[in-house]
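Have a look at the structure below, then the notes.
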């Protein structure tokens, strides 16, 4: 168990180093950072001085080490576009993205599992058919289009819910203001959360359904039926538990993609999170911000993967307990 | 694949190709599913209408000379207050006919979609064949890259590649290059599926007798891959390609919607939706909703086709 | 006979396909007596396992019982509603499947699975059920049962798992166990042990067994009577000793001839020519007619039902007064 944990952590660190190298390369190969920092009227001498001062004349490995060292301390330099430290800007915007991702993640996972199990058990019911058909539409509908349609129906036509922003926020710590404690915060959250969660929800639901149908066909379920185990227990004890094992992995990855897909939702709803900043950073080739965001997302993915692996270990006895018997 | 297209009739009698298709199991299954038939019809309809756009579109929407600002914001099927002109699906702020704009927009979307799928497929198949056939460190390197890339969402990869590529291109050329950059980004974000599938089929295929026989005859390995293995792995590739087309179209429209895709001078469906989105609040819903519906129908139809193809070609699910 | 436990009468099972209706079982009749072991043999696809599934009410969709009756003592069970049938399963009729590796739920301990089964059918509290579970494991020959009861299935070997499966099947004290090829998936060295455990357990607990297998050796070893199935029908049924020594149906004769036996090494093994027909291509008349060595005119026209002879029952015109001509 310890050995596996160590191996996983080493893998995670390796992935992070690779991503860090890509981020670092952005600075090296994409445009001259000096050009981005000084004005048109700067002299050759100014540039050379700046270059020396920033350590851009050092050997590449030294520069990379310095980059990693800074990154570990949360130091990503100054955003070209906003002329502020990247870490500061991200810290300010991150709560909005995390709150949005959390709410839609919970929405997608709970509803996805409930609907997936329901459609697997009532395969031929009209409601299941309805859910399955609409889920195909859900998979084919681009996220931004869902957002636009929701805005059109609930903000423009019905005028029930706001179409942009976070509503009122309340500070809980120095750099975390939450929208989850105000009515207008929740009102503003509903449409973005649905938009962001819907795609993951449909994916998860279809996965749970397929997995559950697969499990219901297994020998151990057949044997449980042959022993007269109650239908309820077969469905929700024997089958569901086995269904949810592989779902954990996918659900973890989905949570990661939710943070990435937040870029789109944040653009549609003008949600003041990091995703919105990233789009602007791409438009303006704001390298420090791009590389910091890249590292941040990679970190989220790596951490989620690690947590999922550990969780799997806790839930699946086949991994936890070593084979102890050889007797016949 | 070959099994599904051969008919059960006299093998010596050569049938014309269309007869072979009509007699195949695949076509039989197809003809019995009204939803799939409808999807195919809608897909073909949108493809042909957009390809024939210059001939069937009532207006040329992106020729500034033909636009009349007086026609602006005409609602669908209603005569314009000033000019009395009627447009099926209304006009946008500059008096541009939405129907024509959709035809031209779908053209760009499909073009980028097909090109990106083609690019991704060629790249993925090539790498998959090599990884599967050669094995060793080439295999390890290719598949590690694939694994890492697969754990990140395609949209993120595409955005990143787009951002990097764009910054490498001089500003003057960016507008013309936008479409190619887009194809490159989407293609590069989507090759992994092909590579993985082709690699596993290649692994299974390469130890069969016919491949070993070819090797004994001294056939070179690129030729073995192209002539002997490739035809046998095309079935799954076709399925991934169809579903990939839907994904590519959605990805393209998303990037264009985010404002990092094709420029407004040569809009795709995504660009049209982004531009129209600004007018949603002032009540001119048709400018964004109609392109949006077109995109939905297109993506849904292609997805349904891909779904059906996957099930129909997978003997385990039949 | 008064001690008939299970009676199957003219059972017909059908599978509706895209355009056709496949008749997988076509008029199967036999009895199982209290405490006896009835072997059911035949080639794969003859309908052995399907008969078992039909009896316990677990036919897979879209299969269904089209006609015929199944009686458990004086209760007709082929038309019971799901809940009534569920209460019967495990309590009066239990079933054991082929593969012990997949028959146990991988994420529950043996104790959890046994206790749930016991408490479903018997009025015991958790502690009593656990004691009973340990006792059952002990009886099927699991060493250190009290300790192993909290292990997971993957911690047991294949043979041990099939013992656990037998314990699970017996947990509700059923009167009949349908064992569907219980040893096929196991190592040859373990097969005899498992048959032995099954035989002993059922004798101790007074349960009858319907032992489905294609292994005539197992039949000769373990069973009291045997039913030979061919293409969805019973070809011959009778005492094991009689049938092994003097098979009547030409198909049974072929089956017996194909068993290698150490005692008669000089004989060549006989093969039955051809193969069993597919369900959609069963010939008219006797289904065995294309492969039969004693075939006559009548065999192509009329289908023989089970005829009582002095040695048992056999479905062959050779034993009818009219003969095969």
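Observations
- Checking residue C:92 against (1) in contact with a helix residue (DSSP H, G or I) (Cβ under 8 Å, 6 or more places away or on another chain); (2) closer than 24 Å to residue A:232 by Cα; (3) surrounded by 20 or more Cβ atoms within 10 Å (Cβ to Cβ), the condition it does not meet: (1)
- Residues of region A:132-171 that are surrounded by 14 or more Cβ atoms within 10 Å (Cβ to Cβ) and part of a loop (DSSP other than H, G, I, E, B): A:141, A:142, A:161, A:162, A:163, A:164, A:165, A:166, A:167, A:168, A:169.
- Tallying residues that are surrounded by fewer than 21 Cβ atoms within 10 Å (Cβ to Cβ) and assigned to a loop (DSSP other than H, G, I, E, B) within region C:109-150 yields 9.
- Identity of the residue in region C:64-84, within 17 Å of residue A:225 (Cα to Cα) and surrounded by 18 or more Cβ atoms within 10 Å (Cβ to Cβ), that ends up farthest from the other protein chains (Cβ to nearest Cβ): C:78
- The helices (runs of 4 or more DSSP H) found wholly in region A:213-296 and carrying at least 3 residues that are modelled with pLDDT under 85, buried (at least 17 other Cβ atoms within 10 Å of the Cβ) and more than 9 Å from chain C (Cβ to nearest Cβ) occupy A:240-269.
- Taken residue by residue, region C:154-174 has no member that is surrounded by fewer than 17 Cβ atoms within 10 Å (Cβ to Cβ), within 12 Å of chain A (Cβ to nearest Cβ) and out of contact with any helix residue (DSSP H, G or I) (no Cβ under 8 Å at 6 or more places or on another chain).
- Exactly one residue out of C:55, C:77 is touching a strand residue (DSSP E or B) at 6+ places or on another chain (Cβ under 7 Å) and free of Cβ contacts under 8 Å to residues at least 40 places away in the same chain, and it is C:77.
- Take the conditions (1) modelled with pLDDT under 85; (2) in contact with a helix residue (DSSP H, G or I) (Cβ under 6 Å, 6 or more places away or on another chain); (3) within 14 Å of chain B (Cβ to nearest Cβ); residue A:77 misses just one of them, which is (3).
- Residues of region C:1-44 classified as in contact with a strand residue (DSSP E or B) (Cβ under 9 Å, 6 or more places away or on another chain), in a loop (DSSP other than H, G, I, E, B) and more than 24 Å from residue C:79 (Cβ to Cβ), total: 6
- Flag for residue B:237 being crowded, with 16+ Cβ neighbours inside 10 Å, more than 14 Å from chain A (Cβ to nearest Cβ) and either out of contact with any helix residue (DSSP H, G or I) (no Cβ under 8 Å at 6 or more places or on another chain) or closer than 24 Å to residue A:137 by Cα (or both): yes
- Test: residue C:101 is over 15 Å from residue C:167 (Cβ atoms), without any contact (Cβ under 8 Å) to a residue 60 or more places away in the chain and more than 8 Å from every other protein chain (Cβ to nearest Cβ): no
- When B:297, B:302, B:260, B:275 are screened for being part of a helix (DSSP H, G or I) and over 23 Å from residue B:42 (Cβ atoms), only B:275 passes.
- The single condition among (1) in contact (Cβ under 8 Å) with a residue 60 or more places away in the chain; (2) part of a loop (DSSP other than H, G, I, E, B); (3) more than 7 Å from chain A (Cβ to nearest Cβ) that residue B:244 does not meet is (2).
- Within the option set B:83, B:60, B:140, being more than 30 Å from residue B:197 (Cα to Cα), modelled with pLDDT of 75 or more and surrounded by fewer than 23 Cβ atoms within 10 Å (Cβ to Cβ) holds for one residue only, B:60.
- Residue match in region B:153-173 (condition: closer than 30 Å to residue A:200 by Cβ, without any contact (Cβ under 8 Å) to a residue 60 or more places away in the chain and not in a helix (DSSP H, G or I)): yes
- Condition met for residue A:307 (in contact with a helix residue (DSSP H, G or I) (Cβ under 8 Å, 6 or more places away or on another chain), crowded, with 16+ Cβ neighbours inside 10 Å and more than 10 Å from every other protein chain (Cβ to nearest Cβ)): no
The values are calculated or read from the model by the stated rules, or taken from the named source; none is laboratory data. Small disclaimer: the values here were computed from a predicted structure and weren't measured. We place every Cβ from the backbone using ideal geometry, glycine too, and count neighbours over all the protein chains shown.
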